[in-house]
1. Condition test on residue 237, is it at pLDDT 95 or above, outside any loop (DSSP other than H, G, I, E, B) and either surrounded by fewer than 12 Cβ atoms within 10 Å (Cβ to Cβ) or within 15 Å of the ligand (Cβ to nearest atom) (or both)?
2. Residue by residue through the range 240-258, note down the ones that are in a loop (DSSP other than H, G, I, E, B) and within 25 Å of residue 39 (Cα to Cα).
3. Quick check: anything in the range 205-226 under 29 Å from residue 139 (Cβ atoms), modelled with pLDDT under 95 and away from the ligand (no atom under 16 Å from the Cβ)?
4. Please work out if residue 110 is within 20 Å of residue 235 (Cα to Cα) and either surrounded by 14 or more Cβ atoms within 10 Å (Cβ to Cβ) or more than 16 Å from the ligand (Cβ to nearest atom) (or both).
5. Which one of the conditions (1) away from the ligand (no atom under 16 Å from the Cβ); (2) in contact with a helix residue (DSSP H, G or I) (Cβ under 6 Å, 6 or more places away or on another chain); (3) farther than 20 Å from residue 117 by Cα does residue 24 fail to meet, given that it meets all the rest?
6. Just the residues that are farther than 27 Å from residue 153 by Cα, small (Gly, Ala, Ser) and modelled with pLDDT under 95, please, taken from the range 83-137.
7. Suppose the filter is in a helix (DSSP H, G or I), of a type outside the set (Lys, Arg), in contact with an Asp or Glu (Cβ under 6 Å, 6 or more places away or on another chain) and surrounded by 16 or more Cβ atoms within 10 Å (Cβ to Cβ); does residue 155 pass it?
8. Could you go through the range 6-13 and let me know if any residue there is more than 15 Å from residue 112 (Cβ to Cβ), within 12 Å of the ligand (Cβ to nearest atom) and out of contact with any helix residue (DSSP H, G or I) (no Cβ under 6 Å at 6 or more places or on another chain).
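The values are calculated or read from the model by the stated rules, or taken from the named source; none is laboratory data. Everything quoted here is computed from the prediction, not taken from an experiment. With ideal geometry, Cβ positions are generated from the backbone for all residues, glycine too; neighbour counts draw on all protein chains shown.
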Amino acid sequence: MRINIGYFTSTGNTLWLCLKGKELMEQQGHTVKLYEIIKDKVAFAQDECDLTGFFYPVWGSNQPDPMVEYRNNMPQGNGQKIFFVGNCCALNGDTGFYFKQILDKKGYDVFFTDHLYMPTNFNLPYEPGNYWKRVPLAAERDRLLATAEAKLQQICDSILNGERKVDGKGVISRLAGALQRKSYWIVNGYKSHFSVAKEKCINCGLCIRMCPSENITENAAGEKVFGNKCILCVKCYNLCPVNAVLICKKSINDKKYRRYKGPCQTIKPTEYRA
Ligand SMILES: Cc1cc2nc3c(=O)[nH]c(=O)nc-3n(C[C@H](O)[C@H](O)[C@H](O)COP(=O)(O)O)c2cc1C
């Protein structure tokens, strides 16, 4: 089978899962192509295949904005088979069920949705009450990755066997999902609080290059300026090599508000443009 997978990743967890998933599926004789949903969206949409999948990080019981946009713009399907594999750090809500409803209405056959748990990249200084989940230290991160890898194996087997499954369709998941999507404006409030700690910044320009929405520019004085196109992927916040990007003033304390540097050294999704 030719399997095409579209994905979005901020800090590499989803990409790590995609690469593992590709390997597992190819071991069973299939051909798998991965398409990053911003850079490769045209190629992804045009490349014919037998099975289409989406790997995504859960954002407030939804997908990242570029995936929502892609999903909303998908043409009418013709019974085309689709699977979704989400990953989150704590609460998946009803994402699988929710996406299935949207795409089934468009004529697709969303036959499989499931999710797994990965380390959080969202260690924000919430008010009130500090943070909801801390970025794990290396040992805990590796434990989470090992558990995720085992579950991914099952997920890939199920997908390849054409098993039908939809996660998140229980009443509690659906309530949690609906509530999270409704209250997401609270999280979105962080979009307007980004800044750069000048005394820390080494002017490497990585934040500018890796921002998926081209939201960061530099003014004549060489200062970083954040526009109004932020999608809150928190790439700049997490992957700045010297933790100079702040999501609010309190985040200057990077011991307390640890940044997530990704699942492993070799996966650093930092480049969108040269
Ligand atoms: C804006 C944003 C919203 C998030 N919302 C949720 C959420 O609702 N539930 C959850 O469990 N994790 C949430 N997370 C955590 C990520 O889904 C999780 O860490 C994921 O593995 C990150 O994948 P990535 O490295 O590929 O971007 C959120 C992360 C971000 C950046």
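1. yes
2. Answer for the range 240-258, where residues must be in a loop (DSSP other than H, G, I, E, B) and within 25 Å of residue 39 (Cα to Cα): 240, 241.
3. no
4. Taking the combined requirement at face value, the residue does not satisfy it.
5. Tallying (1) away from the ligand (no atom under 16 Å from the Cβ); (2) in contact with a helix residue (DSSP H, G or I) (Cβ under 6 Å, 6 or more places away or on another chain); (3) farther than 20 Å from residue 117 by Cα, residue 24 fails exactly one: (3).
6. 129 - this is the single residue of the range 83-137 that is farther than 27 Å from residue 153 by Cα, small (Gly, Ala, Ser) and modelled with pLDDT under 95.
7. Yes; evaluated as a whole, the condition is true for this residue.
8. yes
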